[in-house]
1. Out of the residues in the range 158-186 that are at pLDDT 90 or above and polar (S, T, N, Q), which is nearest to Ser264 (Cα to Cα)?
2. Within the bounds of the range 324-333, is there any residue that is modelled with pLDDT under 95 and aromatic (Phe, Trp, Tyr)?
3. Of these, Asp320, Asp284, which one is surrounded by fewer than 20 Cβ atoms within 10 Å (Cβ to Cβ), under 18 Å from Thr406 (Cβ atoms), under 32 Å from the mean Cα position of the chain (by Cα) and among the acidic types (Asp, Glu)?
4. I need the full set of residues from the range 106-118 which are open to solvent by 50 Å² or more (accessible area, probe 1.4 Å) and farther than 16 Å from Val139 by Cα, in order please.
5. For the range 172-181, state whether one or more residues are aliphatic (A, V, I, L, M), open to solvent by less than 20 Å² (accessible area, probe 1.4 Å), assigned to a helix (DSSP H, G or I) and free of Cβ contacts under 8 Å to residues at least 40 places away in the same chain.
6. Any residue at all in the range 341-355 that is closer than 26 Å to Thr407 by Cα, surrounded by 14 or more Cβ atoms within 10 Å (Cβ to Cβ) and not aromatic (Phe, Trp, Tyr)?
7. In the range 365-394, which residue that is more than 23 Å from Asn351 (Cα to Cα) and hydroxyl-bearing (Ser, Thr, Tyr) is most open to solvent (accessible area, probe 1.4 Å)?
8. Going through the range 293-330 one residue at a time, which ones are of a type outside the set (Phe, Trp, Tyr) and without any contact (Cβ under 8 Å) to a residue 24 or more places away in the chain?
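The values are calculated or read from the model by the stated rules, or taken from the named source; none is laboratory data. Nothing here was measured: the structure is a model prediction, and the numbers come from that model. All Cβ positions, glycine included, derive from the backbone under ideal geometry; neighbour counts span all protein chains shown. To get the accessible areas, we keep the full protein, side chains included, count just its heavy atoms, and leave off ligands, DNA and RNA. Shrake-Rupley method; radii C 1.70, N 1.55, O 1.52, S 1.80 Å.
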Amino acid sequence: MRLFVHLFIGFLAAGLFGGCATQQPKSFPPLAENKSIKQPAPQNPAFKNQPLKFPSTSQLPNTPQSPSEALEAPAKTLPIEISPEIAQANEVAGLKRSIKSWLPSKVEDKDGWVQDIYQAFSSQKIAPNKENVCAAIAVIDQESSFQPDPKVPGLPQIVEKELETRRAKYHVPEWVLEKALKTISPNGKTYAQRIKALQTENDINYLFDDMASELPLGKQLLEGHNPIHTGGPMQVSLKFAEESIKERPYPFGIKKSLRDELFSRRGGVYFGVAHLLNYSANYDQMKYRFADFNSGRYASRNAAFQHVVSKLTHQRLDLDGDLLSYTDGKSAVGDFEQALLTINVALQMSNQEINRDLKLEKVKDFEDTALYKNVYRLAKNKNLITPYATLPSIKLHSPKITRKLTTAWFAERVGERYQSCLGI
């Protein structure tokens, strides 16, 4: 029995292991060739067992050398097209910043001044470079210390003197004037009280306007007889403003009167810049324009012309820039014209031709006249010095001037402020 069990187990084991050893693996059909997969190229024998080499970063164009340089490298940006309107606005903003930086540190409301100065230049198409703007700034500083309505000492006395002059001229009894001044004016005060309290030019403007319109015979006695003829931050004359608007319309509109506009900051700067810069002259220094501003256009050129004539005629002549003389508003033969008549033969000109050319004394065209050219021709033939411009020698007179001043003094004082503005 035990033998039978051993034989059975042996037979069973032989059957099992023998079957495993002879079992065949299952077969699968071959894979189709995938032509989209590229086979690696055969290795070049020349590079067999050689390490792979890559180009260095320095050999790559526009490639940063290090991570830090890569961070610092500027990013490439596409150009942005700016419209003409934006470009112009940026230019204006930049110009206004420059004007503001040129103003003295003491100036209050700088933005307001910048706007009025910018408008004065742009509306008249005057180059707003530093030289021109600083010239205007220097005059404003000299004339008003950047006060739109500057205080003027002695205004009550000036007005009282003018009223007395008008009273005497029209034979008005003193008691009539005294009674008129005790009248209550539109602001609730008597005219006498308002005169005593006068401080600025605008105070006088309002006073005379009210007196001319409210008092009996006020219009006939006082209208147009305001004793203050220059005003505003640049102290420009009303006469110049009136002549200016005939040539070029005032761009900002006149609400009440030209005088009121002239005495405002905007109008005063506009007419001041026009008077100072809006004319052609061959001056090589700004001081001659400062002198002209004080004495009249081309006064510096005319003073040099007078100097040359003085040398030619051996006569002592006033170098005031006025080539013609007037008596009661009518032209008369003055000392300067008389001196020219003594050399009319050398000038090859008649007396009438000389007078004709002298009438152009206030314009640039005077330099194109036969008189101007012949005078300088004679001077050069005699080897005389022939300057184009010289500072006029004029004593300044005005109800507001209490010191002995001259045009040369004015030009030099403004010139100092001009140099300061330029940073020289």
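1. Checking each candidate, the answer is Ser185.
2. Step one: of the range 324-333, the residues modelled with pLDDT under 95 are 324-333.
Narrowing the set further to residues that are aromatic (Phe, Trp, Tyr) leaves 326.
Yes, some residue in the range 324-333 is modelled with pLDDT under 95 and aromatic (Phe, Trp, Tyr).
3. Values: Asp284 fails: under 18 Å from Thr406 (Cβ atoms).
After ruling out the rest, the residue left standing is Asp320.
4. Glu108, Asp109, Lys110, Asp111, Gln115
5. Restricting attention to the range 172-181, the residues satisfying the condition of being aliphatic (A, V, I, L, M) are 172, 176-177, 180-181.
Filter once more, keeping what is open to solvent by less than 20 Å² (accessible area, probe 1.4 Å): none.
No, because not a single residue in the range 172-181 is aliphatic (A, V, I, L, M), open to solvent by less than 20 Å² (accessible area, probe 1.4 Å), assigned to a helix (DSSP H, G or I) and free of Cβ contacts under 8 Å to residues at least 40 places away in the same chain.
6. Within the range 341-355, the first condition is being closer than 26 Å to Thr407 by Cα, and the residues that meet it are none.
Within the range 341-355, not a single residue is closer than 26 Å to Thr407 by Cα, surrounded by 14 or more Cβ atoms within 10 Å (Cβ to Cβ) and not aromatic (Phe, Trp, Tyr).
7. Among them, the one singled out is Ser393.
8. Of all residues in the range 293-330, those of a type outside the set (Phe, Trp, Tyr) come to 294-297, 299-304, 306-325, 327-330.
Correct list: His314, Arg316, Leu317, Ser325, Thr327, Asp328, Gly329, Lys330.
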